[in-house]
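Quick notes on the structure that follows.
The values are calculated or read from the model by the stated rules, or taken from the named source; none is laboratory data. Since this is a predicted model, take the numbers as computed values, not measurements. Cβ atoms come from the backbone with ideal geometry, glycine included; neighbour counts cover every protein chain shown. Side chains included, ligands, DNA and RNA excluded: accessible areas come from the protein's heavy atoms. Shrake-Rupley method; radii C 1.70, N 1.55, O 1.52, S 1.80 Å.
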Amino acid sequence: MAVEEEGLRVFQSVRIKIGEAKNLPSYPGPNKMRDCYCTVNLDQEEVFRTKIVEKSLCPFYGEDFYCEIPRSFRHLSFYIFDRDVFRRDSIIKVAIQKEDLQSYHNRDTWFQLQHVDADSEVQGKVHLELRLSEVITDTGVVCHKLAARIFECQGLPIVNGQCDPYATVTLAGPFRSEAKKTKVKKKTNNPQFDEVFYFEVTRPCSYSKKSHFDFEEEDVDKLEIRVDLWNASNLKFGDEFLGELRIPLRVLRHASSYEAWYFLQPRDNGGKSLKPDDLGSLRLNVVYTEDHVFSSEYYSPLRDLLLKSADVEPVSASAAHILGEVCRDKQEAAIPLVRLLLHYGRVVPFISAIASAEVKRTQDPNTIFRGNSLTSKCIDETMKLAGMHYLHVTLKPTIEEICQSHKSCEIDPVKLKDGENLESNMESLRQYVDRIFTVITKSGVSCPTVMCDIFFSLREAAAKRFQDDLDVRYTAVSSFIFLRFFAPAILSPNLFQLTPHHTDPQTSRTLTLISKTIQTLGSLSKSKSASFKESYMATFYEFFNEQKYADAVKNFLDLISSSGRRDPKSIEEPILLKEGFMIKRAQGRKRFGMKNFKKRWFRLTNHEFTYQKSKGDQPLCSIPIENILAVERLEEESFRMKNMFQVIQPERALYIQANNCVEAKDWIDILTKVSQCNQKRLTVYHPSAYLNGHWLCCKASSDTAVGCTPCTGGLPANIQLDIDGDRETERIYSLFNLYMGKLEKMQEACGSKSVYDGPEQEEYSTFIIDDPQETYKTLKQVIAGVGTLEQEHAQYRRDKFKKTRYGSQEHPIGDKSFQNYIRQQSEISTHSI
């Protein structure tokens, strides 16, 4: 979600790797171990939770988390909890201030865990006005009266599920303390107080007329206003502290009133905290990104340069290839580059071009696409983006069953536990490998078009380069689809959202053995058993030395790398995608038929959507996939039934009720996915039924009336719908700007190659430069485009700095900025005098 500012959008995102904790404090008692989990919090709002690691003081989590941040925040916090509620004394945390996140950017860092004190768990801000006025009493004595007006608070924490806040306002000094209290505001963490409290600041000196109050400095410096926020609690332990604010009265020395927003601060209670070493540490890798995205026209020069990369001869002279050359890590370049090219439909020609160039540089067919080149990283990223749904449909059911069944599949005799049988384990593992191998090799028709087109180009380039090697056309494709797609997903299903967390040790071991076997099966290695270092794996692999496995792999690779897009119906056996009982309403195909509801068995393949009385019966109705114009939810008011959706056809809609909301979503998603390439898909639909001569939603009387509501996007057929092209161009600009020194060094290398034809200088040897003149030309254009954008960003920063006012709602005064604010206001007051 973007925050709109003047002339641009601001996006915040964070990618976190939660590694492990070490040396957690032991539990005092006979069982010193803990069952701990870790949470990720924006301030105090939990946004992610790891799985529980049992009986450990050094728990390994190994979990990744990514999110777009939809709101402002002060701290990114990590809490470690003990599962046992009676051990909640073990809550400890790491808190990183937002402004400090860049200093830890993309680095594995050990953070010392800190004790969680309820008084230090503070968030939110308060709007306050202080006004000092001169008052002459009836007796003629002059005094100074302070008015403290507390307007409101925002973003207070919710404590134990509720927040009933109130504030106390105290004028405090060495010899006095006077406190007043607001009303309690029920059930809100954004209370509107708007209350004023008056305090007398009595002066012992005689009255004298002056335009400004002439306070004695030591008196003013000793007084302060303190605002404390509390949550009114019915518990016997008393009200919970929410935060405080302390403002010295010297801020009124140069002006009679100040109004500002302030961040609430932890209470300074003088308590001694535990040493950080006493509580252990947590290993984290945090990547916080803030993208400032201008309107589209600002990016046109750089974007156009990137989009024509596939047409540049040679491709190594293109802007996109140059990005890969200057970035420290090829994946760093591939992520925004692939997303941008996918958005504009240019990813296939670019990957085809760089793959062809890489193949020409490869001398041994056995090492084709084995390095971490720009080609490999771009294909990896494309498969992650375009192939995730395909991966889930193919692998998730079997992976879930493996995780739930919890069978032992250990085949290493050394690691067998007492009571386990090697032959039984081996048979269980063989069955799992067989099942996963079968679902993969029969999934070719579901492989996304963009992946198939890329695999076709890889196959052609490899076959042309190594004409004597008949297997290279297969290994070029299998090195990606098996080695970099299916095998890693089986090995670490949580990284591909196939499981919510990383699996337990026993299941992880089973998946490791399956992944190794699938990887070897897919590689079409001529010496299969010899490819394993472990003798027990070589023995196990004897099960799969039959020719039928190699044939199945080749048929699968032929299918996903064939020229053009295949007609799914050319495959003899349709692929079953989903089936189950649901309730359907009669479609009214018979003029006088009853439009009642009946339970039917529904079956969806890549060819058709059918229903019958029971599983295995002949279909009562068959809807070809190409006849599905839309799949949408049906409003409950239509038939007063929950979990209903509609499958819209050219002449009528089929109304269906699923068993629950989860199942309804699953059916809608898969039906949308399988039909979304239909040319006649609708853009609008009726969210309610047509009953009693009119549509319930828009009241139109004709049953053929055009829909009244836009169709939902569902699972987009075209990945570009999920990508912001301007944001990706901004990220590419940021990378070019970060590595400007390398761009300039690459320019020098082009000049050196153009005028000197001898041995290449060592400092330039890391760059691939096939055509120095063409590469120099592109570099010049890139540097010019990046320079123009940098000027726009610099101007934006200058303008924002001029408009920034400490103490505004957008920029509250915090602990670090408070002294600067006082100094700033003092200078303003001095100049105004």
* Determine whether GLN679 is out of contact with any Pro (no Cβ under 7 Å at 6 or more places or on another chain), at pLDDT below 85, closer than 30 Å to ARG600 by Cα and not aliphatic (A, V, I, L, M). => yes
* Matching option when the condition is touching a Lys or Arg at 6+ places or on another chain (Cβ under 9 Å), surrounded by 15 or more Cβ atoms within 10 Å (Cβ to Cβ), outside any loop (DSSP other than H, G, I, E, B) and at pLDDT below 85, among LEU604, LEU577 -> LEU577
* Could you tell me whether PRO25 is modelled with pLDDT under 85, more than 30 Å from GLN809 (Cβ to Cβ) and not basic (Lys, Arg)? => no
* To do: For the stretch 479-488, enumerate the residues that are open to solvent by 10 Å² or more (accessible area, probe 1.4 Å), closer than 18 Å to VAL439 by Cβ and touching a residue at least 60 places away in the same chain (Cβ under 8 Å).
  => none
* Structure fact -> Flagged in the stretch 470-505 as touching a Leu at 6+ places or on another chain (Cβ under 7 Å) and small (Gly, Ala, Ser), in numbering order, are ALA476, SER478, ALA489
* Asked: For the stretch 802-817, does any single residue satisfy the condition of being at pLDDT 90 or above, touching a helix residue (DSSP H, G or I) at 6+ places or on another chain (Cβ under 7 Å) and either assigned to a helix (DSSP H, G or I) or over 22 Å from VAL326 (Cβ atoms) (or both)?
  -> no
* To do: Specify which of the listed residues (GLN112, GLN123, GLN102) is in contact with a Pro (Cβ under 6 Å, 6 or more places away or on another chain), open to solvent by 70 Å² or more (accessible area, probe 1.4 Å) and within 28 Å of SER13 (Cα to Cα).
  => GLN112
* Asked: Can you spot a residue in the stretch 406-415 that is crowded, with 22+ Cβ neighbours inside 10 Å and part of a helix (DSSP H, G or I)?
  -> no
* Selection status of VAL662, modelled with pLDDT under 80, closer than 19 Å to HIS389 by Cβ and open to solvent by 70 Å² or more (accessible area, probe 1.4 Å) -> yes
* To do: Can you tell me which residue within the stretch 280-316, out of those that are closer than 29 Å to SER56 by Cβ and open to solvent by less than 10 Å² (accessible area, probe 1.4 Å), is modelled with the lowest pLDDT?
  => GLY280
* Asked: Of the residues that sit in the stretch 176-230 and are among the small types (Gly, Ala, Ser) and modelled with pLDDT of 80 or more, which one is surrounded by the most Cβ atoms within 10 Å (Cβ to Cβ)?
  -> ALA179
* State the number of residues belonging to the stretch 736-757 that are at pLDDT 90 or above and buried (at least 19 other Cβ atoms within 10 Å of the Cβ). => 4
* Structure fact -> Scanning the stretch 617-641 residue by residue, those open to solvent by 70 Å² or more (accessible area, probe 1.4 Å) and under 36 Å from the mean Cα position of the chain (by Cα) turn out to be GLU626, ARG633, GLU635, GLU636, GLU637
* Taking into account only those residues within the stretch 135-158 that are open to solvent by 30 Å² or more (accessible area, probe 1.4 Å) and touching a strand residue (DSSP E or B) at 6+ places or on another chain (Cβ under 6 Å), which is farthest from ASP239 (Cα to Cα)? -> ILE136
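Yes/no per residue for (1) open to solvent by 40 Å² or more (accessible area, probe 1.4 Å); (2) part of a strand (DSSP E or B); (3) at pLDDT 90 or above:
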| site | (1), (2), (3) |
| --- | --- |
| ILE18 | no, yes, yes |
| GLY29 | no, no, no |
| THR39 | no, yes, yes |
| TYR66 | yes, yes, no |
* Asked: What is the number of the single condition among (1) in contact with a Phe, Trp or Tyr (Cβ under 9 Å, 6 or more places away or on another chain); (2) of a type outside the set (Lys, Arg); (3) buried (at least 19 other Cβ atoms within 10 Å of the Cβ); (4) at pLDDT 90 or above that LEU252 does not meet?
  -> (4)
* Asked: Is there any pair with a first residue in the stretch 613-631 that is part of a helix (DSSP H, G or I) and of a type in the set (D, E, K, R) and a second that is open to solvent by less than 70 Å² (accessible area, probe 1.4 Å) and at pLDDT below 90 whose Cβ atoms are under 9 Å apart and which are 6 or more apart or on different chains, and what are they?
  -> GLU626/SER675; GLU626/ASN678
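How about the stretch 551-574: which of its residues are among the small types (Gly, Ala, Ser), open to solvent by less than 70 Å² (accessible area, probe 1.4 Å) and at pLDDT below 90?
Selection gives SER561, SER562, GLY564.
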* To do: Within the stretch 367-380, track down each residue that is open to solvent by 20 Å² or more (accessible area, probe 1.4 Å) and in contact (Cβ under 8 Å) with a residue 12 or more places away in the chain.
  => ARG370, ASN372, SER373, LYS377, ASP380
* Asked: For the stretch 422-431, does any single residue satisfy the condition of being open to solvent by 20 Å² or more (accessible area, probe 1.4 Å), under 19 Å from GLN497 (Cα atoms), in contact with a helix residue (DSSP H, G or I) (Cβ under 6 Å, 6 or more places away or on another chain) and at pLDDT 90 or above?
  -> no
* To do: Determine the pairs where a residue that is under 14 Å from LEU264 (Cβ atoms) and touching a residue at least 60 places away in the same chain (Cβ under 8 Å), located within the stretch 146-173, has a partner that is among the small types (Gly, Ala, Ser) and part of a strand (DSSP E or B) with Cβ atoms under 6 Å apart, the partner being 6 or more residues away or on another chain.
  => ILE150/ALA167; THR168/ALA179
* Qualifying positions in the stretch 45-55 - touching a strand residue (DSSP E or B) at 6+ places or on another chain (Cβ under 7 Å) and either surrounded by fewer than 19 Cβ atoms within 10 Å (Cβ to Cβ) or hydroxyl-bearing (Ser, Thr, Tyr) (or both) -> GLU46, VAL47, PHE48, ARG49, THR50, LYS51, ILE52
